[in-house]
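Report on one structure; see the data block that follows.
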Amino acid sequence: MQVSGRGTNVNFTIDDRAPFEAVIAGVEECLVKNRHLFSRGSITVNVGRRIMSREQLTQIKQILEAESGLTVAQFWCSPEILEETLSDISPEPPPELLDEGLDQDTAANSPDLPESRPDSGIPPAQLGLARPDLDGGEEPDEARDSPGQTLPWPTPDFPNLPDPISSIPPFAEKEELADTENEALPPEDSRDAESQSAPEAEASGGSPALMEPAAEISPESVGDLRAQPSLGTIEEPTIEPIVEPSLLELALVGLEQSIAEGGLESGQDGSPASLESRLEAASPKADLKEAGQGADASTDAGAGASISPHHETGGLNRQNEALLIKTTCRSGEVVRYPGDVVILADVNPGAEIIADGDILVWGSLRGLAHAGAGGDIQATIIALNLESPRIQIGPYIGMAPKAKKHSNSNRPGPTLALVRRQHIFVAPFKGRFAGYSGGTIYDG
Amino acid sequence: MTGKTIVITSGKGGVGKTTATANIGTGLAMRGHNVVVIDTDIGLRNLDVVMGLENRIVYDLVDIIEGRCKLHQGMIRDKHKFDLYLIPAAQTRDKNCVDPDQMRDLCRKLEEEFDYVIVDCPAGIEQGFKNAIAGARDAILITTPEVAAIRDADRVIGLLEAAELHRPKLIINRVITSMVKRGDMMDKDDIVELLGVDVLGMVPADDRLITATNQGIPVIHDAKAPSGAAFSRIVARIDGEEVLMPDLEPKTGILDKVREIMGIRRDAYTHA
């Protein structure tokens with residue numbers, strides 16, 4: 001690994017074709033040796049031409065954060081690479097990308113190849129033998145000035161993918177490929193091998209990843225989406241800006257973690273006795289939760305499993321057990337829980353329920369409800385009487401319509417609220433997983 | 001004998017806490033109990049005016065708590081000579097000069113002598129509220145059938161439950177039956193559905209109550225006032241009697257029927 005630059009403009013350059021373990025080892029070694037050089041701050045890691053899996057990115061992030069005071073805010077790769085990985089259907093994988101998916105021997109045996117980066121400006125013919133320090137490789141830049149471009153949402157229709165293990169000899173093709181500027185080829189084969197073994201739920205994990213405030217945009221999540229041709233609820237492309245978490249948000253993470261150990265906070269300092277009398281843990285509602293989990297393994301459980309802990313409400317780990325509250329939530333009370341919340345009573349105006357999962361109110365929901373608070377837009381809010389002035393699922397907010405209040409006789413009945421086409425829709429409840437094509441928009 | 005401390009609270013201001021305190025205290029004394037009523041609205045004292053005792057104040061609650069006078073020196077006996085005493089609030093201080101602990105000690109001391117200690121809570125949910133509920137064993141919530149008052153009452157119920165004052169009872173004040181019948185005002189079932197607490201009683205809106213308050217006589221003394229009658233029923237229920245809740249419809253005479261046919265509206269308040 002080589003270090004160049006100084007001040008806020010430091011570049012670490014790593015051989016692009018080195019196997020991932022060597023990369024990790026090299027990064028670690030360099031950080032340990034130069035620990036005194038780093039101060040606290042948030043950085044962007046440029047993965048260059050290298051497409052890496054989510055676990056690998058997480059590993060890099062953890063090492064960087066552990067060994068230095070740096071916080072990895074985001075990963076960055078040039079948009080051209082992203083587009084190419086999406087759109088190109090050529091079956092030959094570029095050599096460096098074989099490293100991740102297949103044997104390490106292949107990598108060791110690969111001849112040095114000239115590579116070009118679209119933005120490096122060096123024509124491939126001049127490169128001759130590959131020189132590591134010209135590669136984009138992996139560059140943890142300190143305090144990168146441009147925080148990265150907005151990455152386009154992957155288009156939903158994907159081409160047919162070839163066999164996971166391609167029989168085409170990769171090396172023979174390389175010279176031809178090297179001649180072209182736009183060289184990057186989709187790492188389909190290696191990707192497919194990984195993505196098909198990854199849980200199917202990664203697909204939905206990819207979509208909320210872009211909604212979350214501290215999302216890691218990695219080509220891996222994109223690749224997973226490719227493995228799933230139909231994206232379910234995602235119907236139109238969205239461009240989401242990448243937002244870096246501020247120190248305030250990280251502090252809130254810690255605060256909410258400490259508060260929500262109990263799972264409930266009231267508007268004033270509630271005495272412990274009253275808090276416990278309101279909380280019912282696990283057993284009576286395990287059935288409810290399991291029924292939910294079993295039935296929707298592909299969507300709900302998957303979404304829960306694939307969202308990394310960093311993106312939950314306040315940074316808490318998603319709880320598998322639902323929170324059951326059997327008393328009315330009074331005005332001024334706030335329930336914050338990293339899981340599903342079931343309330344066997346009313347939620348009065350002025351109360352707030354903030355849950356990472358679904359919110360089910362066996363009564364009237366007249367207070368504020370925020371389901372999918374960790375970014376899960378598959379979450380729903382179901383109430384026997386949905387009269388909330390404002391409901392929120394994931395990042396989408398719906399305000400109550402100005403319709404006249406119904407009298408007791410012709411109330412709408414059990415209602416489900418969900419996200420469709422980036423708006424909140426409410427519809428009479430037909431079942432948690434029934435298809436909801438109708439419904440009225442909840443938009444003030 | 002150990003008495004019972006009941007706090008009368010509402011959250012929202014102006015719904016009738018002080019009036020209810022005066023009337024309930026008087027009613028319980030009329031039934032033969034030893035009662036003391038305490039005004040904790042320091043700085044904005046009103047209970048003495050409603051009971052007609054404002055010219056007799058020498059010492060007040062803050063003097064008792066701070067030790068400048070003995071407990072009995074600060075208590076004013078009621079005009080009508082029942083076993084009813086008032087501890088007024090201080091007018092020149094504010095609510096921060098009393099602690100919840102001090103209030104609790106005071107209530108415990110009073111419970112040794114009196115059957116009922118009725119605490120009049122100020123509006124709001126801050127220090128005054130915390131002081132008032134500190135010594136209480138039971139709570140009575142006053143509300144009017146208006147959305148704003150219900151919202152505040154809901155908040156207060158949550159705070160009371162957090163302070164271990166479970167299952168407060170509700171008094172719905174200023175009910176206008178004609179509006180309820182027209183559907184312009186919430187009825188008892190709507191309110192109970194929203195708040196989820198038991199109703200202790202409903203008090204109709206009454207001209208005579210306003211007159212009585214201005215004269216410094218609790219309206220429960222007035223035999224002809226429907227609100228007075230309602231307070232009597234409420235007091236009976238507090239005392240353990242089972243009293244049915246009557247319909248608050250005003251009696252209609254022949255003139256009213258004529259008015260109804262001709263479409264002339266009566267005025268909103270009930271007559272005796």
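Bear in mind that the values in this text are calculations on the coordinates, not laboratory data. Keep in mind the model is a prediction, meaning the values are calculated, not measured. With ideal geometry, Cβ positions are generated from the backbone for all residues, glycine too; neighbour counts draw on all protein chains shown.
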* So, in nm, how far is label A:W362 from label B:D198 when the simple model puts each one 7 Å beyond its Cα toward the Cβ? -> 2.4
* Projected label distance in nm at B:V147 and B:E126, using a 7 Å step from Cα toward the beta-carbon -> 2.7
* Assuming R0 = 30 Å, can you tell me the calculated FRET efficiency for the pair B:R182 and A:K402, based on Cβ-Cβ distance, to the nearest 0.05? => 0.85
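Hey, with R₀ at 45 Å, roughly what FRET efficiency would A:Q422 and B:E164 work out to, going by the Cβ-Cβ distance, to 0.05? Don't skip to the answer; put the middle values down first.
Details: r = 46 Å, r/R0 = 1.01.
With R0 = 45 Å, the Cβ-Cβ based efficiency is 0.50.
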* **Across B:K17/B:K109; A:K430/B:K188; A:K430/B:K169; B:K12/B:K257, pairs whose alpha-carbon gap is larger than 29 Å** => A:K430/B:K188; A:K430/B:K169; B:K12/B:K257
* For labels at B:K4 and A:A25 in the simple 7 Å Cα→Cβ model, what's the distance in nm? -> 8.0
* Asked: For a label point 7 angstrom out from the Cα of B:E241 toward its Cβ, which stretches of region B:1-38 have the backbone nitrogen within less than 17 Å?
  -> B:23-34
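Within region B:136-168, report the GluC sites (Glu not before Pro) that DSSP leaves as loop and that have at most 13 other Cβ atoms within 10 Å. Walk me through the intermediate numbers first.
Values: sites: B:E146, B:E161, B:E164; in loops: B:E146, B:E164.
Passing both the DSSP loop test and the Cβ count: B:E164.
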* Structure fact -> The base-10 log of I(q)/I(0) that the Debye equation returns for region B:4-130 at q = 0.12, 0.14, 0.16 Å⁻¹, one scatterer per C-alpha, is -0.37, -0.52, -0.69
